[in-house]
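Written out below as structure tokens is the structure these notes cover.
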Amino acid sequence: MSKMVNMLSILWLLKSRKQLTAKELAEELEISIRTVYRYIDDLCASGVPIISDAGHNGGYSLLHEFTKAPLFFNLDEQKALVHAAKFAIDAGYPFNEALDGAISKLKMYTNEEQLNHINLHSRGFEVIHPSVELPLKSLLQDLEIAVAESYRLFIVYHKDRGIEAQSRYIDPYGLVYWKGKWYTVAYCHLRKEIRSFRIDRIQSLSQTDKKFDRPLEFSARAFFLKDLLPDQNDLEKLISVRIQGNAHALDDLCQHWLLNHALIERKNNHALFKVDKESIHSFLPYFLLPYGKSITILEPTLLQEKLATISLDLFNHYQNSLLH
């Protein structure tokens, strides 16, 4: 381990075990006693209040007030970090090895009471998510570095099935994790505008030697949501969608991220939403279809027709399957 890691390890050990001899520190860190003396001197020179007690029961310890410093995490903070690590890793966090290492160090350099607390609250706390494939993980790592260091990238991007992949230069402004998928928000030099790209559709990526300037105060999250959802500030351009149904079905609709932002009015047995026309032609009818007869579309007629057409197509598809 490096000098800085060993010095930090000495701090954690002294904090968790209260008093240790130079020999015990040397054995724990697998370094020489002379090296321990040198690191202790360096820590003291940097302002760390290490107390040295001579004699048979002596050793090194930290000044009591220092152990309460913000550098050290309390029980709830340690638990929160372990829980957050589970979410991050299962969401496909690209630097999971480093995160695992950080959590291992957190557990290693804590006292028995704290470790028991962490293990107790980690037991039964699980996150279920599809595993991230190795190629995607590599892309995420390269993109994170490009975002942080402002490097322009050359990518080959497959926008959708049936459409030929295109190469382009992008300036990646940020990474967004949404609904189980990773995206990068970037300036596209091919389209001359800021766009979002699904990372699992990037076929190849290479870093150029050119750098870019990110717009001041730019938020990848804000751009992504604005690009995804219709502008609720321009209600005149939106279409009214009035739905009648039982309370449980309407509660589910109103609380869902897809329609929650579009909710205008909610009464006991009906709800009014404002959505854009494109949504009615694309995902909205497919989203409402599983609710079946628990809801009834009162308006617009366009949405009623779309649902009827989709239902009839499904009926004919399975009717033909039964006949053959």
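Of note:
- Approximate spin-label separation Glu164-Thr21, in nm, with each point projected 7 Å along Cα-to-Cβ: 7.7 nm
- Prolate/oblate/rounded call for region 142-185, Cα gyration tensor, a/c under 1.5 rounded: oblate
- For His189, neighbours were defined as the other residues whose beta-carbon sits under 12 Å from its Cβ, and their charges (Lys and Arg +1, Asp and Glu -1) total +4.
- Kirkwood radius for region 205-324, taken over all pairs of different Cα atoms as the inverse mean of 1/r, rounds to 16.9 Å.
- Charge dipole (the chain, unit charges on Cβ, about Cα centre) - positive-most of Gln166, Asn96, Gln78: Gln166
- Listed residues His121, His56, His189, most fluctuating in the chain (Gaussian network, C-alpha, under 10 Å): His56
- This structure gives P(r) over Cα pairs in 10 Å bins from 0, in percent, computed directly, and of [x] 5, 17, 18, 21, 18, 10, 7, 4, 1, 0; [y] 5, 24, 29, 19, 12, 7, 2, 1, 0; [z] 5, 20, 21, 14, 11, 10, 7, 7, 4, 1, 0 that value is listed as [x].
- Partner lysines whose Cα lies under 28 Å from the Cα of Lys105, excluding those fewer than 8 positions away in the same chain, are identified as Lys3, Lys15, Lys18, Lys23, Lys68, Lys79, Lys86, Lys137.
- Using the Cβ-Cβ distance between Leu263 and Glu113 with R0 = 41 Å, the FRET efficiency computed as 1/(1 + (r/R0)^6) comes to roughly 0.30.
- Qualifying trypsin sites (Lys or Arg not before Pro) in region 77-124, where qualification requires a DSSP coil assignment and no more than 15 other C-beta atoms within 10 Å, comprise Arg123.
- Scanning the chain for long hydrophobic helices, with DSSP H runs required to stretch 30 angstrom or more by C-alpha along their axis and to average at least -0.5 on the Kyte-Doolittle scale, returns 301-323.
- Packing here is the average count of other Cβ atoms within 10 Å per residue, and on that basis the peptides 6-15, 283-292, highest first, run 6-15, 283-292.
- Of the accessible area of the chain, computed with a 1.4 Å probe over protein heavy atoms only, carbon and sulfur atoms account for 53 percent.
- Solvent exposure of region 152-280, expressed per residue, is 61 Å² of accessible area, with all protein chains present and a 1.4 angstrom probe.
- The calculated 222 nm mean residue ellipticity attributable to helices in the chain amounts to -14000 deg cm²/dmol, summing -39500 (n - 2.57) over DSSP H runs of n ≥ 4 and dividing by all residues.
The values are calculated or read from the model by the stated rules, or taken from the named source; none is laboratory data. What you see is a predicted model, and the numbers here were worked out from it, not measured in a lab. Methodologically, a virtual Cβ is constructed for each residue, glycine included, from the backbone with ideal geometry; neighbour enumeration extends over all protein chains shown. We work out accessible area using only protein heavy atoms, side chains counted, and drop any ligands, DNA or RNA first. Shrake-Rupley method; radii C 1.70, N 1.55, O 1.52, S 1.80 Å.
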